[in-house]
Amino acid sequence: MSKSKLIIRLIDIVFILLFAFISVSQIDTIAIIEPPKSAEATDGAPKGTQTIIIGVTKQGTYPVDMGDTVLKNTRELREYLTVQTRQAKSRGEQLGVRIRANWDSPVEYGLAVAKICKELGIQKGLDVVKFHSD
């Protein structure tokens, strides 16, 4: 038997042993991983705060109000947030925004919302979610 065939067989044996050890090993401890918390906006809005959830789709549209209103571009979104900010201030509330980007939406769409919020002085938080479409 040549050296190259022997090396290949040794590699096969090592992989078989590795898979055997992995399959029969036990994991005794479960590590609990705490997801990071947003410091800017929370799901449970504090008293005196109004939180708007803005969706971000892969087509670049922005559904708000649980999808009842769909804003087609960032210009419409800026106008909407400006009006909402004025209304919240008139009620003595502070406005917060949750940006909920779909997992397959381009990053620049979510960042555009964050940039508008920063320019308007609105606190924001970003979530990435996967929507199931049937």
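Only the coordinates and a few stated rules stand behind these numbers; no lab work does. Because the structure is a prediction, the values reported are computed rather than measured. Counting neighbours? That spans all protein chains shown, and the Cβs are built from the backbone with ideal geometry, glycine included.
In order along segment 7-18, the Karplus-derived 3J(HN,Hα) couplings, from 6.51 cos²θ - 1.76 cosθ + 1.60 at θ = phi - 60°, round to 4, 4, 5, 5, 5, 4, 5, 4, 5, 4, 5, 4 Hz, and Gly and Pro are given as x. In segment 49-129, the convex hull through the Cα atoms has an average projected area of 4.7 nm², a quarter of its surface area. Between residue 95 and 50, the built amide H atoms are under 5 Å apart, and every one of these is 5 or more places off in sequence or on another chain. Site pair residue 68 and residue 17 shows an inter-label distance of 6.7 nm when each label is modelled 7 Å from Cα along Cα→Cβ.
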